[in-house]
Protein chains: 2
Amino acid sequence: MKFCSTCGSDNLTKRIPEGDTLPRIVCGNCDAIHYQNPRIVVGTLPVWEEKVLLCKRAIEPRYGLWTLPAGFLENGETVEQGALRETLEEANARVALGDLYTMISLLHVHQVYMMYRAQLSDLDFGPGTESLEVRLFTEAEIPWETLAFRTITRTLRCYFLDRKLGAFGFRSSAIDRQRKLASGQPVIPA
Amino acid sequence: MKFCSTCGSDNLTKRIPEGDTLPRIVCGNCDAIHYQNPRIVVGTLPVWEEKVLLCKRAIEPRYGLWTLPAGFLENGETVEQGALRETLEEANARVALGDLYTMISLLHVHQVYMMYRAQLSDLDFGPGTESLEVRLFTEAEIPWETLAFRTITRTLRCYFLDRKLGAFGFRSSAIDRQRKLASGQPVIPA
């Protein structure tokens, strides 16, 4: 943000407004306070028999890497509607939505991932405009080295572990790349 | 948004960018696309024996009405950290966080509420700067007519029902005030 979206001034400073506890972008011309908050990424882990559906990304970031269908929640839709929409857009796939499965606070990029388990309704799927390829993978076939995001790696690792355990609990966790880089130690392994 | 936050121009239009599916605010001067997405509200339902803690709001909107401690998730914190922070800020209350309990997509105001069950650690609570009063209520004492938000009413109704049933499942739902007003019928009763 370089200009105030309320008055157009470039007189922006970062300071703690009166009565607040955190620094915000404040306009020195019109006094508008510009709050910035995490965004929600919604998606699914679509399953057919013992296989999982992945999409090869046709867009940046991480062009050519594999991901679960997921994207930003839009205004005016529920979390569940967003997960279904992304699955349809990226994989042309229809699913029966299951339980909310992983929630991952991505601290360094200000995102919260919310991934649902889902059952594919049919095998009539294929790449949407944001995917190069869509296919089903057994656990042994998962391309762990070319997955697009650590949230996806973690969700898949949880899934295959929980499948062996025979129970899928709700799993909430966090990833903080800044802290990992600072200390040289991963906070939570992916 | 009246001015582009990237270049300061007032030449903003709402249109569907190429390759997108939804209308966005687009700058006619620098081509910046300004996405707008739902924000997350996090909070707790703090319990002590058979009583529930509520806060009387000292700020607008809904000044003087009762609420559970909750507020916007901030950049750089996990969902759980946000819920604990809001509980401390609004009620000076320390809690042991339990399971994520209700998630409510508030379609008309572009918010997603995420409320956790929580056990008060002690009775040393009291109003923070955003509260006029903080106290414990039995189910019979809950001021249903002067609760601040429908999300709070719903979370409390779920809680007292589930407590009778003896099991607290995760409950995801939606509220769409626009549709309620349009049809004259509540989509989901509060």
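Just so you know, all these numbers are worked out from the coordinates, no wet-lab data involved. Since the model is a prediction, treat every value here as computed from it, not as a measurement. Note that we place each Cβ from the backbone using ideal geometry, even for glycine, and neighbour counts take in every protein chain shown.
For every other residue with a beta carbon closer than 9 angstrom to the beta carbon of residue A:139, add +1 if it is Lys or Arg and -1 if Asp or Glu, then tell me the sum. Numbers along the way, then the final one.
On the way: positive: A:51, A:163; negative: A:50, A:141.
Combined, the nearby Lys, Arg, Asp and Glu give 0.
Inter-copy label distances at residue B:110, using a point 7 Å along Cα-to-Cβ, come to 1.4 nm with the shortest given first.
Modelled spin labels at residue B:108 and residue A:10, positioned 7 Å past Cα toward Cβ, are 4.2 nm from each other. For residue A:99 and residue B:63, the FRET efficiency from 1/(1 + (r/R0)^6), where r spans their Cβ atoms and R0 equals 30 Å, is about 0.20.
Spatially close Lys pairs in the protein assembly as shown, defined by Cα atoms under 23 Å apart and a spacing of eight or more places or different chains, total 7. Summary for residue B:139: label point 7 Å along Cα→Cβ; distances to the equivalent points in the other copies, ascending, 4.3 nm. Distance between the modelled labels on residue B:50 and residue A:157, one decimal in nanometres: 4.6 nm (7 Å Cα→Cβ projection).
Listed from fewest to most Cβ neighbours within 10 Å, the set A:144, A:48 follows the order A:144, A:48. Would you please state which residues of segment B:33-75 a label at residue A:2 would reach in this model, taking the label point 7 Å out along Cα→Cβ and a backbone N cut-off of under 14 Å? Only B:33 pass the distance filter. Each part gets one Cα centre, and for segment B:1-26 versus segment B:98-133 those centres are 34 Å apart.
Each of A:135, A:154 was scored by other Cβ atoms within 10 Å of its Cβ. Arranged with the fewest first, they read A:135, A:154. For the peptide B:65-74, the mean number of other protein chain Cβ atoms found within 10 angstrom of a residue's Cβ is 2. Exposure proxy for A:65, A:54, A:147, A:165: other Cβ atoms within 10 Å of each Cβ, ordered fewest to most, give A:165, A:65, A:147, A:54. In this assembly of identical copies, the label point of residue A:88 (Cα plus 7 Å along Cα-to-Cβ) is separated from its counterparts by 4.3 nm, sorted shortest first. Using Cβ-Cβ distances only, list the Cys residues of the protein assembly as shown with no partner cysteine under 4.7 Å, sorted by number. A:55, A:158, B:55, B:158 - these cysteines have no disulfide-compatible partner (Cβ-Cβ under 4.7 Å) in the protein assembly as shown.
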